Amino acid sequence: MKIFTKMILDNNNNVIEEDYYNYFGPISYCGIHYNFKSTRGAKAMAKKAKREKKLADKRTKKQAKAEGKSIKKEEDKTIPIDHTITLEDLTQPDKK
């Protein structure tokens, strides 16, 4: 870890002169630790997106029910028990 004792910058933040020494003590192994306050915005945005997605899903289900349509369910993509699993099944799971 570099400990700067002197650093001179010009107007464009280019380094003109610097003086430092290398430090290898116990503090040099510390990392950046985030607390709740620093990640609060990202967590709030993720929570809001999750809530909006959930409400949109409810809205589409309600509209489909009102129109008398059934909601299309995803097809079952499991491999039957009697089928031998090959390398192609593992590397290209979407191929039938």
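The values are calculated or read from the model by the stated rules, or taken from the named source; none is laboratory data. Since this is a predicted model, take the numbers as computed values, not measurements. A quick note on method: Cβ atoms are made from the backbone with ideal geometry, for glycine too, and the neighbour counts reach across all protein chains shown.
Below, the figures for the structure above:
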read-out	value
Flag for Lys47 being surrounded by 10 or more Cβ atoms within 10 Å (Cβ to Cβ) and modelled with pLDDT of 80 or more	yes
Every residue from the stretch 58-96 that is of a type in the set (Val, Ile, Thr) and modelled with pLDDT of 75 or more	Thr60, Thr78, Ile79, Ile81, Thr84, Ile85, Thr86, Thr91
Tabulated pairs, the stretch 23-39, first at negative phi and surrounded by 10 or more Cβ atoms within 10 Å (Cβ to Cβ), second modelled with pLDDT of 75 or more and in a loop (DSSP other than H, G, I, E, B), C-beta under 7 angstrom, 6+ apart or interchain	Tyr23/Met1; Ser28/Met1
Among (1) modelled with pLDDT of 90 or more; (2) of a type in the set (Phe, Trp, Tyr); (3) assigned to a loop (DSSP other than H, G, I, E, B), the one test that Tyr20 misses	(3)
